[in-house]
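Note sheet for the following structure.
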Amino acid sequence: MKRYLGFLLVFGCLMLCAANLYAEITVAGRLDLGELRPQYIARGDNILYIGTGMQNHILFVDVSNPASPQLLSDFQITPGSYPAYGGCISGNYCYVATAANGIAVLDISDPAHPTVSATADVGFGTTQNIEVRGNWAYVSVSLGSTRGVNAFDVSDPTHPTRHGRYPRSASWGIDLEGDLCFIAGHYQAGVPYGGFSSCSIANPDSMYGVGGCDSPPWYCVDVEVVGNYAYLTEEAGENVSATRGVRVCDVSNRDTSVVVGFTELEMPPGYMVSWNENLIVAGGLSGVFVYDLSDPVNLRLSGSFSEANMGVNDVVTDGRYVYATNYDELLVLDVSGVLNTPKIENPAPVSFSLEPAYPNPFNSATTITFGLEKLAPTRIRIFDPLGRRIGEVLPLQTLNAGSHSVVWNATGVPAGEYIVRLEAGGVARVASVQVVK
């Protein structure tokens, strides 16, 4: 009897330890989207963009209450002719990759009634994804003569104009880090770094290749850069015997990236997002996976979620919830017990401030750091010494209290002194910067 009780005690301890290996991921909410088949997703302040691909529908969802997401609008640019692929919300605008139609800019100041501010052609090509930084939008193109990454000037969202292009093989997911754009693509014989590459965006009019790595056949869907490492979701592509999973590349050397790790998945993965030291992967038919990046090379699975009839293509997070496009619904997952979030004990309060830009003087780009002591509508504009506005680095949008930073890309701006004006909650701060050529 004592042996039996001892066995139960040991067994119970083992089971408890096993149960604690992974924290629980629970469903917080759902939104049934029926036949709309959501695929792509982007996050704003309590607003989600959802693109339905070739079904041409653009959805905006209110997630101010994650337990009960509400569909605000079901919008089509032109019924039957404008697909809705990857999107990006910046201020009061949503930028959408619309396949062979290029890009579309939607005014979502009232997300229940979005309107088309502009559309822009990308030439002969199929746009897949879009990222916006300051006055520039970077668009990945997977097919056609404009394959690669195309840069659009969106300083005036009602008149976007195409500028430079970095020509590559089929390009899908992109991630902007510093003055580089990292690109996940499809391997193409004879094209170096077809699966993964990076290009300089210091001058959007003249982008050029910087580095990458290749080990054919790579068919990468998305890339997420965290610190000195790039994580790529890789599908089998045309080689059915190839592995599927998350590949890890060391990008500490800008010129040459090195493969340092690989985590295999049973089903082809989709897009992903990082949050602090976590990587959240859309696992397709397998569900959602959360990896701890404390060891950036050897990914540790800290949580996963799966149920019958899953088809997760894209994910975003706010640090408490993961929002996933799942076959015929928006799925909201509570990951508060899973994400490895650094804890800050008694953080110092942040006052309203505008820090000196760095670098300053500068040639092409500088970082503007500012602090907000409370939630406030905020914008940053640039003026010349005569008071004429020459640009808007941060379009008007509501930001939380804390420290923030934006990059001003001054490519094309003449040399001289300029004024940075921060406005938030009815008060303002100014600072001078010097552009040199």
TODO: Take Lys343 and decide whether it is modelled with pLDDT under 90, of a type in the set (Lys, Arg) and either under 24 Å from the mean Cα position of the chain (by Cα) or closer than 30 Å to Glu417 by Cα (or both).
DONE: yes
Task: Residues located in segment 25-76, provided they are out of contact with any Gly (no Cβ under 8 Å at 6 or more places or on another chain) and of a type in the set (Gly, Ala, Ser) - done: Ala28, Gly29, Gly34, Gly44, Gly53, Ser64, Ser73
Open item on the list: With closer than 24 Å to Asp153 by Cβ, outside the structural domain of Asn46 (by TED's automatic domain parsing) and part of a strand (DSSP E or B) as the only criterion, which of Gly391, Gly412, Gly371, Gly387 stands out?
Closed with: Gly391
Open item on the list: Can you tell me how many residues within segment 415-431 are of a type outside the set (Val, Ile, Thr), within 31 Å of the chain's Cα centre (by Cα) and either buried (at least 16 other Cβ atoms within 10 Å of the Cβ) or in a strand (DSSP E or B) (or both)?
Closed with: 8
Open item on the list: Being part of a loop (DSSP other than H, G, I, E, B) and either at positive phi or surrounded by fewer than 22 Cβ atoms within 10 Å (Cβ to Cβ) (or both) is the filter here; which residues of segment 313-337 pass it?
Closed with: Asp318, Gly319, Arg320, Tyr327, Asp328, Ser336, Gly337
Task: First in segment 67-83 and closer than 26 Å to Leu331 by Cβ and at pLDDT 95 or above, second anywhere and of a type in the set (Lys, Arg) and assigned to a strand (DSSP E or B), Cβ under 9 Å, 6 or more apart - done: Pro69/Arg30
- [ ] Quick one: which residue in Ser109, Ser155 is surrounded by fewer than 22 Cβ atoms within 10 Å (Cβ to Cβ), in a loop (DSSP other than H, G, I, E, B) and in contact with a Gly (Cβ under 7 Å, 6 or more places away or on another chain)?
- [x] Ser155
Open item on the list: If Asp156 satisfies all but one of (1) closer than 21 Å to Thr325 by Cα; (2) free of Cβ contacts under 8 Å to residues at least 40 places away in the same chain; (3) charged (D, E, K, R), what's the number of the condition it fails?
Closed with: (1)
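Suppose the filter is over 20 Å from Gly86 (Cα atoms) and either surrounded by fewer than 22 Cβ atoms within 10 Å (Cβ to Cβ) or free of Cβ contacts under 8 Å to residues at least 24 places away in the same chain (or both); does Asn309 pass it?
yes
The values are calculated or read from the model by the stated rules, or taken from the named source; none is laboratory data. Bear in mind the structure is a predicted one, so any value in this text is a computation, not a measurement. Please note: Cβ atoms are built from the backbone with ideal geometry, for glycine as well, and neighbour counts cover all protein chains shown.
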